[in-house]
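**Student:** Take a look at the following structure, please.
The values are calculated or read from the model by the stated rules, or taken from the named source; none is laboratory data. Quick caveat, the model's predicted, so the values are computed rather than measured. Reconstructed Cβ throughout: ideal geometry from the backbone, glycine too, with neighbour counts over all protein chains shown.
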Amino acid sequence: MEIPHEVTPRRDTGLYNAKLGVWLFLASEVMLFGGLFSAYIFLRVGIQDGVDNPWPWGLNVHKDFVWLGFINTLVLIASSVGVVFAWVALKERNWKLYQVYMYAVIGCAVIFMCLKGIEYNSKLNHHFGIKLKDNSVMEGELVNKTDRIRFEGATASVSLQGAVPVFIKSIPKGEFPIFKVTEGPGSEEGVEIHSDSELKAWFHKERRAISAKLTEERKRYRAELASGVANPTPVSVSSSAKLTSSEPFVLNANPRKVVLHSDSVVNFKDGSKVEGKLISDDVEFIVHEVDLQLVLPQKQRESIVWDVINDEGAKQQFFEQQDAEYRHLREYYEPRGEVIPEKMLRGHILNLHDVHLGGHHGDDHGDDHHDAVHKSEPKPSAEGAHEEAAHEHEDDHSISVPRDQIKFMGNHGPRYGNYYAIYFTMTALHGLHVIGGALVLLFFTVFGKKLYLKNPEHLANRIEVGGLFWHFVDLIWIFLFPLMYLL
Amino acid sequence: MSAATAETHDQAQEEHHHVEPFWKKYIFSTDHKTIGIQYGFTSLVFLAFGFFLMMVMRWSIAYPDRAVPLLADWPWFQAWLDDSGKVTGDLYNMFGAMHGTIMVFLGIVPLAFGAFGNYVTPLQIGAPDMAFPRLNMASYWLYLLGGVLMFVSFFLPSGAAKAGWTNYSPLATTTDIHYGDLFWTGQTQWLVAMALLITSSLLGAVNFICTIINLRCRGMSWMRLPFFVWAMLVTGFLLLLAFPPLEVAAIMQLMDRMAGTSFFVPTGLNVSGMSFDAAGGGSPLLYQHLFWFLAHPEVYVLILPALAIVAEIIPCNTRKPLWGYKTMVYAVMVLGFLAFIVWAHHMYITGMGPAISTFFQTTTVLISVPSVILITSLLISMWGGSIRFNVPMLFATAFIPMFGIGGLTGLPLAFSLPDLHLHDTYYVIAHFHYVVAPGTIFGLFAGIYHWYPKLTGRMMSTRLGHLHFWPSLLFMNGIFAPMFIQGMAGFHRRAFDGGKAYEQISTQIFAEPNTFLANIAEILNVIEPDAALRMIDLNIVTSGSAWLLAVFQVPFIINLFISKFVGKKVSSDNPWDATTLEWATPTPPPHGNFLSEPVAYRGPYEYSVPGEASDFCPQFEDDPSKIPAKSEAGKEGDKPAV
Amino acid sequence: MAESTHDWGKHKKSYLIVFGALCFCTCLTLALGIFAPFDLGPPGPTPADFVIGLAVACFKASLVGLIFMHLNHERGLIYKLLVFTFLFSLGLMALTLFAGADPILEQYDTLESTKGKLMEKL
């Protein structure tokens, strides 16, 4: 059995099956990215000034990422050209040349993904933001790259229902204490637990036992109800258990898994809780920038961010710089006889500022001021890299941010705001398309020889179809680049 | 080639028979017919499962204060019941969400599009297989994987998804958020499974459209395509272009749950009294837009294949051409187009302004025009025919009024004002179930009875067929008709205790003199004080009908399996004396379908052509005089048996 | 396309020209975003920036579509497919946006404020 029109186009439609198929697939891809772009527009247009996180834009936010994006655009365009040339080489029956072009295309894909990786790494590992209770934002880095509530545990209460309690993941490796079951099933026998795998096994065993007991009890209760007993004994099966450690154990709890904590207890979100003593829940942080966009201009000087940073020099520097930028705005608006829109004052100028803390401040002040004024002009970003390198030297001074002052915090990953969410979703999805397309093209390059000898036209068709997909991937990036980096 | 000589086919079948290992022939098969049957069985299993979920829900609605019978002792089940064995709100929500999801995405779409589309479309256009057989297999396995994930999610500690089949954010984003392992919660698995199902549907849609456009046999011009193929083409486009936005929504909700983004999480969201730990700034409405952009075309994905099956069966059994074939083709295209711009009529109460709401009201009312053209054409097709009321025809005939009721009761919902009152009440449930349950499912049953002889070479039992049809018709209406009344009385669809709360409130309202409602009731003298109570009694009618409906599916299941072995053998390849190309193949069709290259000589519905000796002129016969006299099965089918 | 007699040199030349044009447009987009004379209006993205930035992107996209993806050689079928696809994706964007921009609440707000103004006058 042979499927018609696998290689030769059908007369009335002028298409062979695979080409029609890939165009249909691309149509659905257009809808896929169309959906994402409409989400982009909807979310961006829907931002309420002063309430939602502002949309970060422009060179001074995205810094050297713009250049990575720019290079990536060129790389993808080059690879698109490579694919059409490989196709032409096949049409001219030039196998060698075909392979050269195809490997070049795949090389481009690798370069693209590497640059993407650099960008992701920088965003995820080297950028962190903390939004305080009054919506002021500090940007910088965490001291140990991770944020943990440090706690000294004595007893743990778990519910023997649902999934394995999450608190065991907070105990550092190799520091698992010896737990003794003091309440709940197994307490009479004095069961001891020495490792997390033992704990899991114990948990599953007791959970099954409790669920069996509950079944029995409920059966009894229903039978009593059915037989018309006046006051049937209600079902009571306790599923709680308490584990007591022989000596205090270290607990480094991930704050995202914790609902509430106090000086003596940490409540995890799955209901398990650990009692003991709080060591510290402050966030150790290195401040690079302060962002007061969400604070009303008249309240900026009293913002709690200054209490947290506790550095008069930095504050002074911040407002000097703000004045400089206001000046710049006035230079644009006043000659036109317009008033600076409120949105501009809030939304854009206060976007990012460099503050420098501690002893370095005095020495570098002049230099910084120059930098700040310079910054208000749009400037080529080659200096961006230099600037960041400068931070590394200057900001070895860290501060402690009390956790009860924090409203929200996170690295510049997808969690950090809608820009980052849509940025990561779209570029990751695009990246998956790049990887998928490159793998298919690699397959045609490495294993194409047999088909080439049998029916070169068939291979050329495959390259054309693979190329159509590849061009589409390029096409999506053409839109992503300005929307994600520039506008 | 003659269509009706059985012995030559046996010979030929042997020639064409390739010895393939069992697993390749029946499990990892690339043959469109095997895949169609796989789709069919899997989706029937899921339909039965979805029905089971609904029966448990109906118990809770009809008898909210009694323990669930039979199931309460099963350990998994009792964990979700309360101590006295009653259904809890959590269980009801879980079953409600999964009933909708399973019925729509795992039951009807795969049965209508996957099973019938796969089996019949290539045969009707005279193609040897789908354009991409391996892709076809991939879509089935992706579908199965998605279905298994959905099923497995019931047995996770969190249970399956609970946020309704629409999975609206932020409820769906925050449901079960306290579980340690967020990935293995039912709510997250729903999204993963949906992404798989959507991918499967997309691949399927590409395959179908490509097959129909590029693999039509010689002579099969566009206007000679059977209407079923047209419907499949439009359905394919609906899936192709409407599903990706839902995939986007699923991906974004998955990001919201797993990566902590806030696409659909507004600023300042509080969950159980605590501030929700997310950046905020998202929009729950965005989810609804993306969801309904798919889910409205999805309605037409559900109905079009069934309607097209009916459009195949009616001309065949009335021995008359399909009335207004061309009009129907254009209507279905217009329907497909309009389906993309009506979605926000599901969202009138989200606070849309009058301007945009007017736009959607207009398009919604517009889309009823092609729908009515389709249904009217089917009705007129029967006018003046000598109708053979065999089992498929019975189902096809019942389809028309049932779909009609479902469609017409949708009109009040198209306007925002009545919709404000009816939104999320049982009225809405009754409306779309009339379209989908006695509508689509009857169409699909008709299709099963109609094409069964082609699949197996044996007829299904007429006696059991009648035992299946009449009670089903009765109880389908017994389920959904009372819901209209309840819905207009304001019963909310998510009340898991069947409106017990409503009962208390309403008796209070009506009992207290001089309240606004009581006054109105008095003045109009329409609503008697205990009206609300009697509305609640209708719950029992509905639930009882549902369980009896389940009982009367048993004859169908028996019929489906035993007819393969004991059913009456067909005496020709074309037992119904039909005209379309699938009846030109041997029975059952071998791998590659046709023995010689098929050619379409005429239009698809040339029944009772004046001046011809036979009352049907198949597409595959170039000279009608060669057509043999009516086959035996056809003669028997003439009489409305039993 | 006739295979043996085809002049592939011409094709290659057109591909190279398109490559040059795409690179040039990319630089233009970049300049729009970052250099003062190209960055229209007040600092930051203005409607003019969006229009020009996206127009350039559309131009680039159509070059890729027409030349690299051979749309200039295709027949009507694919155009029909694409026209409907773009129509629907634009519909998705536009209608979603309009529905967001036309909330019933705003009407209510204006009503309230009108009422307020009337009361002031009285």
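**Student:** Which ones in region A:148-178 are of a type outside the set (V, I, T) and within 10 Å of A:A253 (Cβ to Cβ)? Even if it seems obvious, please write down each step before you answer.
**Tutor:** Of all residues in region A:148-178, those of a type outside the set (V, I, T) come to A:148, A:150-154, A:156-157, A:159-163, A:165, A:167, A:169-170, A:172-177.
The answer is A:R148, A:R150, A:F151, A:G153, A:F167, A:K169, A:S170.
**Student:** Tally time: how many residues in region B:238-285 are within 9 Å of chain A (Cβ to nearest Cβ) and either free of Cβ contacts under 8 Å to residues at least 24 places away in the same chain or of a type in the set (F, W, Y) (or both)?
**Tutor:** The qualifying residues number 17.
**Student:** With the condition kept exactly as written, say whether any residue in region B:182-191 is surrounded by fewer than 18 Cβ atoms within 10 Å (Cβ to Cβ) and part of a helix (DSSP H, G or I).
**Tutor:** No, region B:182-191 contains no residue that is surrounded by fewer than 18 Cβ atoms within 10 Å (Cβ to Cβ) and part of a helix (DSSP H, G or I).
**Student:** Of all the residues that make up region B:490-503, how many are crowded, with 22+ Cβ neighbours inside 10 Å, touching a strand residue (DSSP E or B) at 6+ places or on another chain (Cβ under 8 Å) and over 16 Å from B:H433 (Cβ atoms)? Reasoning before the result, please.
**Tutor:** Residues of region B:490-503 that are crowded, with 22+ Cβ neighbours inside 10 Å, as a first pass: B:491, B:498-499.
Narrowing further to those that are touching a strand residue (DSSP E or B) at 6+ places or on another chain (Cβ under 8 Å): B:491, B:499.
Subsequent filtering for residues that are over 16 Å from B:H433 (Cβ atoms) retains B:499.
So the answer is 1.
**Student:** Pick out, from region A:73-186, the strands (runs of 3 or more DSSP E) lying fully within it that include 3 or more residues that are surrounded by 18 or more Cβ atoms within 10 Å (Cβ to Cβ).
**Tutor:** By residue number, A:128-132, A:137-142, A:149-159.
**Student:** Still on this model: Assuming B:R218 fulfils every condition listed in (1) over 22 Å from B:G114 (Cα atoms); (2) of a type outside the set (A, V, I, L, M, F, W, C); (3) touching a Leu at 6+ places or on another chain (Cβ under 9 Å); (4) within 13 Å of another protein chain (Cβ to nearest Cβ) apart from one, which condition is it?
**Tutor:** In the conditions (1) over 22 Å from B:G114 (Cα atoms); (2) of a type outside the set (A, V, I, L, M, F, W, C); (3) touching a Leu at 6+ places or on another chain (Cβ under 9 Å); (4) within 13 Å of another protein chain (Cβ to nearest Cβ), B:R218 misses (3) alone.
**Student:** So which helices (runs of 4 or more DSSP H) are wholly in region B:415-489 and hold at least 2 residues that are buried (at least 24 other Cβ atoms within 10 Å of the Cβ)? Step through it out loud before you land on a result.
**Tutor:** Numbers: elements: B:416-422, B:426-434, B:442-456, B:462-488.
Hits in region B:415-489: B:426-434, B:442-456, B:462-488.
**Student:** Turning to a different aspect of this structure: Quick one: count up the residues across region A:437-459 that are surrounded by 23 or more Cβ atoms within 10 Å (Cβ to Cβ) and either within 14 Å of another protein chain (Cβ to nearest Cβ) or of a type in the set (F, W, Y) (or both).
**Tutor:** So the answer is 1.
**Student:** Could you identify the single residue in A:K277, A:K269 that is in contact with a helix residue (DSSP H, G or I) (Cβ under 7 Å, 6 or more places away or on another chain), within 30 Å of A:T244 (Cβ to Cβ) and surrounded by fewer than 21 Cβ atoms within 10 Å (Cβ to Cβ)?
**Tutor:** When all the criteria are applied, what remains is A:K269.
**Student:** Moving on to the next point. If you scan region A:231-251, which residues turn out to be part of a strand (DSSP E or B) and either closer than 17 Å to A:D270 by Cβ or over 36 Å from the mean Cα position of the chain (by Cα) (or both)?
**Tutor:** If the condition is that a residue be part of a strand (DSSP E or B) and either closer than 17 Å to A:D270 by Cβ or over 36 Å from the mean Cα position of the chain (by Cα) (or both), then A:S240, A:A241, A:K242, A:L243, A:T244, A:S245, A:S246, A:E247, A:L251 are the ones that fit.
**Student:** Every residue in region A:212-239 that is among the hydroxyl-bearing types (S, T, Y), more than 10 Å from chain B (Cβ to nearest Cβ) and loosely packed, with under 15 Cβ neighbours inside 10 Å, please.
**Tutor:** Correct list: A:S227, A:T233, A:S238.
**Student:** Restricting to region A:73-97, count the residues that are without any contact (Cβ under 8 Å) to a residue 40 or more places away in the chain and either more than 11 Å from every other protein chain (Cβ to nearest Cβ) or closer than 18 Å to A:A460 by Cβ (or both).
**Tutor:** Result for region A:73-97: 9.
**Student:** Shifting gears a bit: Across region C:1-32, what is the total count of residues that are of a type outside the set (A, V, I, L, M, F, W, C), farther than 19 Å from C:N72 by Cβ and modelled with pLDDT under 90?
**Tutor:** Going through region C:1-32 one residue at a time, the tally reaches 3.
**Student:** So, one more: For a quick check of your reading: which helices (runs of 4 or more DSSP H) sit entirely within region B:61-126 and have at least 2 residues that are surrounded by fewer than 24 Cβ atoms within 10 Å (Cβ to Cβ) and of a type outside the set (G, A, S)?
**Tutor:** Here the list reads B:75-80, B:89-101.
**Student:** Here is a further query. When region B:609-624 is examined, which residues are found to be outside any loop (DSSP other than H, G, I, E, B) and either buried (at least 18 other Cβ atoms within 10 Å of the Cβ) or modelled with pLDDT of 85 or more (or both)?
**Tutor:** Passing the criteria: only B:F616.
Residue by residue, here is whether (1) closer than 20 Å to B:T409 by Cβ; (2) surrounded by 24 or more Cβ atoms within 10 Å (Cβ to Cβ) holds:
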| site | (1), (2) |
| --- | --- |
| B:P305 | no, yes |
| B:E312 | no, yes |
| B:P321 | no, no |
| B:G324 | no, no |
| B:M328 | no, yes |
| B:L338 | yes, no |
| B:Y348 | yes, no |
| B:T358 | no, no |
| B:V365 | yes, no |
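**Student:** Residues to consider are B:P133, B:P226; find the one that is more than 14 Å from chain A (Cβ to nearest Cβ), touching a residue at least 40 places away in the same chain (Cβ under 8 Å) and either closer than 30 Å to B:P598 by Cα or crowded, with 24+ Cβ neighbours inside 10 Å (or both).
**Tutor:** B:P226
**Student:** Being without any contact (Cβ under 8 Å) to a residue 40 or more places away in the chain, facing another protein chain (nearest Cβ under 9 Å) and in a helix (DSSP H, G or I) is the filter here; which residues of region C:44-69 pass it?
**Tutor:** Going residue by residue through region C:44-69, those that are without any contact (Cβ under 8 Å) to a residue 40 or more places away in the chain are C:44-62, C:65-66, C:69.
Narrowing the set further to residues that are facing another protein chain (nearest Cβ under 9 Å) leaves C:44-45, C:49-50, C:53-54, C:56-58, C:60-61, C:65, C:69.
Matches in region C:44-69: C:D49, C:F50, C:G53, C:L54, C:V56, C:A57, C:C58, C:K60, C:A61, C:G65.
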